[in-house]
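Rule-based calculations on the coordinates, nothing more; no lab input. If you're wondering where the values come from, they're calculated on a predicted model, not measured in any experiment. Cβ placement follows ideal geometry from the backbone for every residue including glycine, while neighbour counts extend to all protein chains displayed.
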Amino acid sequence: MGSDKQKLETMPTIFLGHGSPMNSIEKNDFTISLARLGESFPFPKAILMISAHWMTKGTWVTRMKAPKTIHDFHGFPKELFDIKYPAPGLPELADRIFAMGSGIPVWLDETQWGLDHGTWSVLKHMYPKADVPVVQLSLDMTKPPEYHYHLALQLRTLRKEGVLILGSGNIVHNLRLIDWELNAKPFDWAVEFDIWVRDQLVKKNHLALIHEPQNSSAGQMSIPTLDHYLPLLYVLGVSVDSDPLSFPYKGMQNGSISMRSVRFG
């Protein structure tokens with residue numbers, strides 16, 4: 001990747017709350033914020049996406065040249081299943097990540113996965129032309145949170161090579177208690193945990209975010225499973241102390257889903 005003659009910018013790294021797949025076809029404050037976000041920094045050479053929806057044993061990275069659009073949900077309108085997000089892959093980025101895996105190994109996926117809705121539902125608004133190559137990194141659900149944070153440390157240098165590293169999940173994600181009214185009043189415990197995460201981010205207290213998110217009843221209610229929370233730890237891991245912190249979007253959907261976005265750089 002370093003052989004390219006173009007000037008490569010150091011990219012920000014961003015965690016995106018993605019919420020319901022319906023956000024992919026709706027125009028609301030959240031999706032408008034995504035469009036603005038995509039225009040707020042230089043055009044990336046590639047995107048490395050860590051999505052809550054690719055859960056594996058072992059850590060895998062997509063290496064296909066033309067990743068398929070995966071509709072990993074059910075019970076939604078046909079319009080969602082008709083969506084195609086034909087962004088190209090970038091095998092050389094996958095190979096670069098594979099070669100970096102001396103401390104924590106990463107395996108190559110050339111046939112099985114693609115771009116799931118945690119990826120295309122947000123990129124559809126940020127880059128509607130699907131003209132940025134996208135590679136996905138999976139979540140090894142057999143490993144504890146500190147594994148994911150330390151794996152991210154290996155990936156930090158990619159930001160200097162023009163790669164936009166995105167995490168896609170939700171800081172609060174409890175589908176068992178969801179209110180199907182989009183703008184329902186947020187649960188008190190959801191607000192409490194969202195604010196706790198915000199405060200730890202502002203204080204740069206990474207250790208608390210790694211080791212303590214489920215230490216409170218609000219945390220246990222907000223992340224009954226870790227899949228939507230872990231992508232935040234990758235964004236933490238590839239950030240550096242000098243990165244300015246901002247929150248491009250703040251809000252709740254469906255009572256129990258935090259749509260907060262977190263940007264470093």
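If you average the sequence gap of Cα pairs under 8 Å that are 6 or more apart and divide by the length of the chain, what percent do you get for the contact order?
Relative contact order here is 31 percent.
In deg cm²/dmol, rounded to 500, what helix-only [θ] at 222 nm does the chain give when every DSSP H run of at least 4 residues adds -39500 (n - 2.57) and the total is split over its residues?
Result for the chain: -8500 deg cm²/dmol, rounded to the nearest 500.
Taking the number of other C-beta atoms within 10 Å as the exposure measure, put ASP116, ASP29 in order starting with the fewest.
ASP29, ASP116
Sequence neighbours fewer than 8 away in the same chain don't count; with that in mind, list the lysines whose C-alpha is under 25 Å from LYS129.
LYS5, LYS7, LYS27, LYS45, LYS65, LYS68, LYS78, LYS84, LYS160
For the residue pair GLU212 and ALA35, what label-to-label distance in nm results when each label sits 7 Å from Cα along the Cα-to-beta-carbon direction?
Reported label-point gap for GLU212 and ALA35 is 4.0 nm.
Rank the residues GLU92, GLU39 as a footprinting-exposure proxy: fewest other Cβ atoms within 10 Å of their Cβ go first.
Lowest count first: GLU39, GLU92.
For the stretch 221-249 and the stretch 22-84, write down the distance between their C-alpha centroids in whole Å.
Using only Cα atoms to place each centre, the spacing works out to 17 Å.
Under the rule that an exposed site lies in a DSSP loop and has at most 16 other Cβ atoms within 10 Å, name the longest stretch of the chain with no chymotrypsin sites (Phe, Trp or Tyr not before Pro) of that kind, not counting the sites themselves.
That gives 74-179 as the longest site-free run.
Between ILE223, ILE210, ILE32, find the one with the highest GNM mean-square fluctuation for the chain; connect C-alpha pairs within less than 10 Å.
Of ILE223, ILE210, ILE32, the Gaussian network model singles out ILE32 as fluctuating most.
Mean-square fluctuation check for the chain, GNM, Cα pairs under 10 Å: which of LEU153, LEU48, LEU139 is largest?
Sorting by GNM fluctuation, first place goes to LEU153.
Please state, as a whole number in µm²/s, the translational diffusion coefficient that the Stokes-Einstein equation yields for the chain at 10 °C and 1.306 mPa s, with Rh defined as the Kirkwood radius across alpha carbon pairs.
Taking Rh from Cα pairs, D becomes 87 µm²/s.
Tell me, what is the FRET efficiency for ILE178 and MET55 to the nearest 0.05, using R0 = 22 angstrom and their Cβ-Cβ distance as r?
Using R0 = 22 Å, I get an efficiency of 0.65.
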